[in-house]
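The values are calculated or read from the model by the stated rules, or taken from the named source; none is laboratory data. Predicted, not measured: the structure shown is a model, and the values here were computed from it. Here the Cβ is made from the backbone with ideal geometry for all residues, glycine too, and neighbour counts use every protein chain on show. The accessibility values were calculated without ligands, DNA or RNA, using every heavy atom of the protein model including side chains. Shrake-Rupley method; radii C 1.70, N 1.55, O 1.52, S 1.80 Å.
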Amino acid sequence: MWLLVILLCLVIWLGGTYWYLFGKPSPFSLESVRPPGPRELDQKKRDKVIKQGFSLDRVPQDLDVIVIGSGIGGLTAAATLAKAGKKVLVLEQHDQAGGCCHTFIEKGFEFDVGLHYIGQLHENSLLRIAFDQITEGQLEFQELDQHFDTIHIGLGEEKREYTILTGKTEMEAHLKKQFPDDVAAIETFFKIMKVSAKKTHYLATLKLIPRWLSLFLLKSRIAHLVSPIFNLSGTCATDFVNTLTSNKDLHIIFSYLFYGVPPKDSSIVINALLIHHYKRGAYYPKGGASEIAFNIIRTIQKHGGNCLVRAPVSQILVNDKGAACGVKVSRGQEEVEVHAPVVVSNCGIFTTFQKLLPPEISVKQSIQDRLDMMRHGRGSFLVFSGFDGTQEELGLVSTNFWLFKNNDLDTSMEEFFALSKEEAPENIPMMFITMPSAKDPEAKIRHPGKSCMTILTMVKYEWFEDWQDTTVRKRGDEYYKYKMRFAKHLFDWACTIFPKIKNKLVFQEVATPLTNMHYLGAQRGAMYSAEHNLDRFHAEAVARNRCDTPVKNLYISGQDVFSCGIAGALHGGLLCASTVLKHIIYIDLLLLKKKLKRRKAKELAQLTKKKLQ
């Protein structure tokens with residue numbers, strides 16, 4: 001009798017698992033992808049898509065899902081759910097959709113805000129397939145030069161320059177040429193890169209299978225027998241590279257793609273993944289970063305949904321059964337309620353739990369436990385500079401530059417963030433330089449004779465909090481003078497590499513953490529959202545930090561789900577959609593990948609046959 005009961009339970013469990021994995025229709029199909037249409041250059045027509053203001057008559061009837069925030073994570077979740085038959089409304093507090101993917105134009109100069117380059121977009125890659133599905137094939141990418149990153153360590157005569165190349169074998173080989181005494185260290189690091197890239201889906205799976213099962217597999221150490229990724233994800237980057245080499249310059253190379261966390265507080269898996277991300281090429285959207293939001297929103301609209309801006313959500317509505325059931329949108333002095341049975345938040349875990357949930361819900365222990373798993377990220381500081389002159393005249397390139405004053409990133413960052421407000425502006429230890437006008441071949445058509453540069457570094461929010469109660473563009477002379485001290489130091493440093501830009505500067509705008517809070521809704525100005533510290537990437541923390549929340553029908557998307565960056569936030573959207581649909585859509589993407597590979601192989605075989613005839 002008991003054997004029959006056990007067998008019956010096993011059959012039910014296996015049947016339920018099969019249904020969860022394969023029993024639901026895929027939101028994706030090869031047929032939905034069509035050849036790219038002509039680029040829409042009419043700004044008024046573009047604005048009707050990415051700048052459509054909120055009004056009740058533009059809210060679709062009988063909504064299934066409301067998404068708060070139009071960053072890439074929110075748009076990805078929205079488009080995926082829309083293609084699965086859900087009617088979705090995306091609400092954005094800024095006057096333009098896109099989050100860190102939006103661009104802004106001032107004085108004839110166009111600047112990207114948070115998208116500087118994307119990797120893993122080679123033909124039939126999983127990320128490329130995902131982009132093709134959520135834009136239905138309308139997004140095109142320009143592959144950058146093979147030499148995509150330059151790293152400077154030190155100043156003046158002490159400066160050392162290293163270059164990073166894309167290529168399955170070229171990246172490693174080129175690094176070995178620059179560090180001939182550390183070949184073994186580089187080989188070991190690249191093995192870790194390979195393991196991290198090939199087995200990261202195991203970490204993602206922890207978020208998709210039942211929580212009890214994830215924790216059982218981890219606590220019993222069964223998961224660790226399957227793959228080393230579960231140990232590696234919780235391994236300190238500094239400790240690991242110290243076992244490989246004593247060469248401090250190479251230590252910087254292994255952690256140069258900086259996201260606000262010094263190597264001693266970061267996971268070796270995340271640092272390795274970031275470098276591996278560009279192994280098969282670095283890419284930039286043709287037409288600029290705003291093409292991403294423009295084309296994803298059109299997919300959402302095609303399936304009956306919409307994306308509305310100037311729609312700041314003031315509260316997530318929770319019914320008497322404790323389930324999310326809609327949102328309140330602020331319209332001047334009024335608040336408008338919009339209802340839907342599912343709410344997805346793409347505005348970060350701190351904003352979601354601390355600001356948008358009703359106070360009686362946010363104080364619950366289950367909510368506080370989730371918040372305790374995260375820490376606030378570092379604030380971002382950006383300098384947007386516009387120049388009269390072409391990239392050829394100014395010597396600008398599509399290559400990105402990473403500048404470090406010395407090769408001890410742990411110490412320099414610790415000392416920098418310990419500085420007082422007055423000491424900080426002239427003591428910035430590192431920065432990143434990108435030139436969007438040199439990356440997009442169509443920028444010359446949109447803005448002929450003009451070039452632009454974006455400089456980024458990380459700063460402490462507390463240095464700017466004296467002005468937190470002021471409004472944008474009305475923060476006063478002291479604020480302006482203070483932020484320009486940072487800007488001058490950064491720009492002068494950039495001029496040591498690109499001396500021709502100094503006399504051609506005609507426009508400059510500076511964004512502090514307060515600016516990022518206003519335009520991006522980034523808590524404490526942290527563009528990478530919650531801090532990506534080591535504690536967050538221990539396997540058990542990965543398993544606990546998932547898309548569903550203690551509030552029924554409320555889900556989290558974006559960078560706080562797995563990792564930062566465009567690709568990380570997009571995967572956060574895919575994980576969120578999987579959770580809402582109760583269907584692992586990655587399986588659908590993998591099946592599409594197999595079909596595309598078979599199609600490619602067939603085309604090559606036919607081409608070969610024709611050549612032989």
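Residue pairs whose Cβ atoms lie under 9 Å apart, separated by 6 or more positions or on different chains, with the first residue in region 36-49 and closer than 18 Å to H447 by Cα and the second of a type in the set (S, T, Y), are R46/S290.
Going by the structure shown, is T200 touching a Pro at 6+ places or on another chain (Cβ under 7 Å), within 24 Å of S529 (Cα to Cα) and either modelled with pLDDT of 95 or more or part of a helix (DSSP H, G or I) (or both)? So T200 does not fit the description; no.
If you check Y555, Y519 for being farther than 17 Å from L273 by Cβ, aromatic (F, W, Y), touching a Ser or Thr at 6+ places or on another chain (Cβ under 9 Å) and not in a loop (DSSP other than H, G, I, E, B), only one passes: Y555.
Inside region 541-552, residues that are under 23 Å from Y202 (Cβ atoms), in contact with a helix residue (DSSP H, G or I) (Cβ under 6 Å, 6 or more places away or on another chain) and in a loop (DSSP other than H, G, I, E, B) make up a count of 1.
Going by the conditions given, is T243 hydroxyl-bearing (S, T, Y), closer than 24 Å to A526 by Cβ and surrounded by fewer than 23 Cβ atoms within 10 Å (Cβ to Cβ)?
On the way: hydroxyl-bearing (S, T, Y): yes; closer than 24 Å to A526 by Cβ: no; surrounded by fewer than 23 Cβ atoms within 10 Å (Cβ to Cβ): yes.
Taking the combined requirement at face value, the residue does not satisfy it.
Yes/no matrix, rows are residues, columns are (1) of a type outside the set (F, W, Y); (2) modelled with pLDDT of 95 or more; (3) farther than 30 Å from L75 by Cα:
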| site | (1), (2), (3) |
| --- | --- |
| V318 | yes, yes, no |
| P341 | yes, yes, no |
| T351 | yes, yes, no |
| K364 | yes, yes, no |
| D388 | yes, yes, yes |
| G395 | yes, yes, yes |
| S398 | yes, yes, no |
| F401 | no, yes, no |
| N407 | yes, yes, yes |
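Condition test on E478, is it open to solvent by 20 Å² or more (accessible area, probe 1.4 Å), within 30 Å of A311 (Cα to Cα), out of contact with any Leu (no Cβ under 7 Å at 6 or more places or on another chain) and of a type outside the set (A, V, I, L, M)? Quick ask: steps written out before the conclusion?
On the way: open to solvent by 20 Å² or more (accessible area, probe 1.4 Å): yes; within 30 Å of A311 (Cα to Cα): no; out of contact with any Leu (no Cβ under 7 Å at 6 or more places or on another chain): yes; of a type outside the set (A, V, I, L, M): yes.
The answer is no for E478.
Checking E187, E143, E161 one by one, the residue that is charged (D, E, K, R), within 20 Å of the chain's Cα centre (by Cα) and modelled with pLDDT of 95 or more is E143 and no other.
Counting only helices (runs of 4 or more DSSP H) that sit wholly inside region 228-280, those with at least 1 residues that are under 17 Å from the mean Cα position of the chain (by Cα) are 268-276.
Farther than 25 Å from R546 by Cα, of a type outside the set (A, V, I, L, M, F, W, C) and in contact with a helix residue (DSSP H, G or I) (Cβ under 8 Å, 6 or more places away or on another chain), is that true of K609? Please lay out each step first, then the result.
Values: farther than 25 Å from R546 by Cα: yes; of a type outside the set (A, V, I, L, M, F, W, C): yes; in contact with a helix residue (DSSP H, G or I) (Cβ under 8 Å, 6 or more places away or on another chain): no.
No; evaluated as a whole, the condition is false for this residue.
Scanning region 325-346 for residues that are crowded, with 18+ Cβ neighbours inside 10 Å, assigned to a loop (DSSP other than H, G, I, E, B) and over 20 Å from the mean Cα position of the chain (by Cα) yields one hit, A340.
Condition check ((1) more than 21 Å from L590 (Cα to Cα); (2) assigned to a strand (DSSP E or B)) across all residues:
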| site | (1), (2) |
| --- | --- |
| E110 | yes, yes |
| H116 | yes, no |
| H122 | no, no |
| F131 | no, no |
| D145 | yes, no |
| H152 | yes, yes |
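Within region 411-427, restricting attention to residues that are closer than 30 Å to D388 by Cα and in contact with a Phe, Trp or Tyr (Cβ under 7 Å, 6 or more places away or on another chain), the residue that is least open to solvent (accessible area, probe 1.4 Å) is P425.
Given the criterion open to solvent by less than 10 Å² (accessible area, probe 1.4 Å), at positive phi and not charged (D, E, K, R), identify the matching residue among G322, G260, G304. Don't jump to the end; show me each part of the working.
On the way: G322 fails: open to solvent by less than 10 Å² (accessible area, probe 1.4 Å); G304 fails: open to solvent by less than 10 Å² (accessible area, probe 1.4 Å).
Just a single option satisfies the conditions, and that option is G260.
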